[in-house]
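The values are calculated or read from the model by the stated rules, or taken from the named source; none is laboratory data. Source: prediction; values computed, not measured. Cβ atoms come from the backbone with ideal geometry, glycine included; neighbour counts cover every protein chain shown. Just the protein is used for accessible areas: all its heavy atoms, side chains included, with ligands, DNA and RNA removed. Shrake-Rupley method; radii C 1.70, N 1.55, O 1.52, S 1.80 Å.
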Amino acid sequence: MCSVGFCAQNQPRFPPLHWRDCTGLDEKNRWSGRDDLSLDCVLRKIPRFSNIMKSSTESKSGKDGTVSEAQAAFDALTIPQQRAAVFRLQGGRETVEAFAVAFILALLFRAFIAEAFVIPTGSMAPALMGAHKDVFCDQCGQQFPIGASLENRTPALEKAVVGGICPNCRHVNPLDLANDPDHQTFSGDRILVSKFAYTLKEPKRWDVIVFKVPVNPKQNYIKRLVGLPGETISIRYGDVYASQNADEASAGIGEIQRKSPEKLMAMSHLVYDSEHQAQALIEAGYPSRLQPWTPGGDSVPKDSWSVDQSTEGLTATVQAAEGQTQWLRYYHHFPNQEQWDAAIAGQSLAEVDPHSGRLVTDFYAYDAYLNVDSDRVYDQKPSPVNVSRMKRLLGQSRSDGVFRMDYKSGGDLSQFRGTVNFGGSFHGADGVHWVGDLIVSKSIETSADAERLTFEIVEAGVRHLCEIDLKTGEAKLTLVDGEVRAFDGDGNKHPVATTSVRAGQQHDFRFSNADNELTLWIDDEVVAFQTPTTFDFDSIVPVAENQPRYDGPGNPLDAAPVAIGVTGGSATLNHLVIHRDKYYIAVDSRDYDMLDYDMGALRRFVGAGSQTEEIVRDIQLLMGEPTIWSDFPGWQNRRTVSFRMEEDQFFPMGDNSPESLDARCWAGNKTRLGNYASPDKDAYKFADVSYVPRDLLVGKALLVFWPHPWKSPLPFWPNLDRMQRIK
């Protein structure tokens, strides 16, 4: 016995099924006016139905006494076949509709909601990276990026990045371009930008924004928003100040603009990480940067902290008598190239002064991209010619090139015989500006009889202190400059807070002095103090006297700007990391070579014929000579620049201040380049301004959704650590 659904003789028991009753199509078999989407065509394209259509006869009469061939073929089918034909027709229509709707929604989403962008340059590094190389230091193992955007400035490779400088140990790392796939140049971060973010709310200071650059409105830029409408923005000594235009009576440059703790960490730069120690330096006896210290002493004390270094990291331990404070100081020093060569060769560096110190500067590892003319590396340069479509889809824009026979890939950079360029600015080899705003993170375990922990950061000779009573958990802040100075607020000399820290525990601490504010974190939580922890630094150290201080080994001040003290009991320091705050260079023209200093005044001091490169090198050497800091006139010859914002005008700057073409130096840039040739008189309407009009804002950067993948251990190995929210 056959089932109803599959027996032909059972069909008469059901009403005849007309195909247009199921599809809603008219007798002309048209859908959207296209013949190829009629039922007739659909049936003819199905092999098992096309034979039926050819052999079918007219089975029903219409108004003219005939029926269509399609209806006749349809009537000749079994019920399941009729349904299948209808479903095919409906499925095809729904598929096309789905694609059309998806395409329209994608266009609407891209136009009004969000859009993906690729970062082309390193102006926002290291928060956002353009074309770059990811390097793991071959001595200490620290990971760091170096810029490689200059490789993309011409279709054929004219400059090749062959090395970088580790920000932690300052070793020069040559790249193995021929053999290490992870030393190739990676594309910039792919980010998602919300175009809807500023429709309902105003942009906020420190947002990362995308906008049409005024000097070329066809091009998108990404920077950090620093100045808001109705403000006059000023840059002085690396910090940002703002005053309201409406308050014409206000004197000075306004108030310093502080970052939230989250923004502060997102914008910081690594100075030192104790987990990454170089084996060659340990074996050579190069002194640790963390050293025991006694106030007023001129040598390393023997009965204080004990520091143990290994490739696994650094550990420091101490046993302090009751009521006695034992100090461990951070001395900012690192080997020069000659000392590195000696250490790698197995020679001793034990004679280096353990209490020697340098200034922390605005060194950018990203900008320390060591490069040479590409013909010193390649016989046949990588070129966009003959790159297959598949390789382009995979992100490769050039051929691999052919290396020179005499190029020692991964070998010492001395093979280039002095032709190596250190970055694209004067900041390549080392920093040029002193940075006093520091963030110190440490993991400390104390014994049950420990009494107090003290953290210290020094800036311009002022000691910024945080003391934690391990019996009560009370944290107290103090500013000391020969005498105790007050924080903001009436009689506010010692802001206090209650914490859960007690003796006999291990905690992660972070203490910062940035933007004239002290902040304490415990186990990644910001501690709330009962009174303000902000202060007016100019009232403590006048602007004209704001410079690094050094009073000898017994009081190194800015030569050893970080210290940890333990009072009573024992303690173990397991990990210490130091970051520096952002330093914005005070320029309002590209003519200043991205330096804060009045170079005319410095030339009058060192000699009128001195070249900028020579003066910069002298400044970098001076940073490591504490005894002559007080004689340097450059501290008083650092510029202050200001920019006035009117209604609907915004002032952005790049995080990578030395290599960022931003609102500081747009004005007049087109005039100098002669790029005013346009039939549209408004094409360069904003070419000579130092702001972004509201109409040119595109949106807010939200997240890095696709950073470069790794080439090992497998091709396209995902780089999950870099997938993150943009802060």
The lone condition residue 246 fails out of (1) over 30 Å from residue 572 (Cβ atoms); (2) open to solvent by less than 30 Å² (accessible area, probe 1.4 Å); (3) aliphatic (A, V, I, L, M); (4) out of contact with any Phe, Trp or Tyr (no Cβ under 7 Å at 6 or more places or on another chain) is (2)
### Query
With respect to residue 528, is the statement that it is open to solvent by less than 60 Å² (accessible area, probe 1.4 Å) and among the aliphatic types (A, V, I, L, M) true?
no
Picking from 680, 648, 596, 631, the residue that is within 30 Å of residue 355 (Cα to Cα), surrounded by fewer than 18 Cβ atoms within 10 Å (Cβ to Cβ) and either charged (D, E, K, R) or at pLDDT below 90 (or both) would be 631
Checking 652, 658 in turn, the sole residue that is out of contact with any Cys (no Cβ under 6 Å at 6 or more places or on another chain) and in a strand (DSSP E or B) turns out to be 652
Residue set 149, 194; condition of a type in the set (Ser, Thr, Tyr), in contact with a Pro (Cβ under 9 Å, 6 or more places away or on another chain) and in contact (Cβ under 8 Å) with a residue 12 or more places away in the chain; output residue 149
Picked from region 464-493 (must be free of Cβ contacts under 8 Å to residues at least 24 places away in the same chain and part of a strand (DSSP E or B)), the residue surrounded by the most Cβ atoms within 10 Å (Cβ to Cβ) is 465
Within region 201-220, residues in contact with a strand residue (DSSP E or B) (Cβ under 8 Å, 6 or more places away or on another chain), open to solvent by 40 Å² or more (accessible area, probe 1.4 Å) and either hydrophobic (A, V, I, L, M, F, W, C) or touching a residue at least 60 places away in the same chain (Cβ under 8 Å) (or both) come out as 212, 220
Somewhere in region 189-205, is a residue more than 17 Å from the chain's Cα centre (by Cα), part of a strand (DSSP E or B) and under 25 Å from residue 589 (Cβ atoms)?
-> no
When region 305-343 is checked residue by residue, the ones that are closer than 30 Å to residue 568 by Cβ, aromatic (Phe, Trp, Tyr) and not in a strand (DSSP E or B) are 305, 331
Condition check: more than 26 Å from residue 535 (Cα to Cα), in contact with a Leu (Cβ under 6 Å, 6 or more places away or on another chain) and not hydroxyl-bearing (Ser, Thr, Tyr). Does residue 293 satisfy that? no
Check: Any residue at all in region 345-358 that is aliphatic (A, V, I, L, M) and open to solvent by less than 20 Å² (accessible area, probe 1.4 Å)?
Finding: yes
query: Has region 214-221 got any residue that is on the phi < 0 side of the Ramachandran plot, outside any loop (DSSP other than H, G, I, E, B) and β-branched (Val, Ile, Thr)?
result: no
Picking from 253, 235, the residue that is assigned to a loop (DSSP other than H, G, I, E, B), among the aliphatic types (A, V, I, L, M) and more than 30 Å from residue 444 (Cβ to Cβ) would be 253
>> Taking the conditions exactly as written (open to solvent by 50 Å² or more (accessible area, probe 1.4 Å) and aliphatic (A, V, I, L, M)), does residue 197 satisfy them or not?
In response: no
Filtering region 267-287 down to residues that are surrounded by fewer than 18 Cβ atoms within 10 Å (Cβ to Cβ) and of a type in the set (Gly, Ala, Ser) yields 285
All conditions in (1) touching a residue at least 24 places away in the same chain (Cβ under 8 Å); (2) out of contact with any Gly (no Cβ under 6 Å at 6 or more places or on another chain); (3) surrounded by 17 or more Cβ atoms within 10 Å (Cβ to Cβ) are true of residue 499 except (2)
Within region 420-453, of all residues that are buried (at least 23 other Cβ atoms within 10 Å of the Cβ), among the aliphatic types (A, V, I, L, M) and under 20 Å from the mean Cα position of the chain (by Cα), the one farthest from residue 580 (Cα to Cα) is 440
*Looking at region 579-586, is at least one residue on the phi < 0 side of the Ramachandran plot, open to solvent by 10 Å² or more (accessible area, probe 1.4 Å) and not basic (Lys, Arg)?*
yes
Over region 319-334, the set of residues farther than 19 Å from residue 553 by Cα and either open to solvent by 10 Å² or more (accessible area, probe 1.4 Å) or charged (D, E, K, R) (or both) is 319, 321, 322, 323, 324
Among the residues of region 539-572, the number that are open to solvent by less than 40 Å² (accessible area, probe 1.4 Å) and part of a helix (DSSP H, G or I) is 4
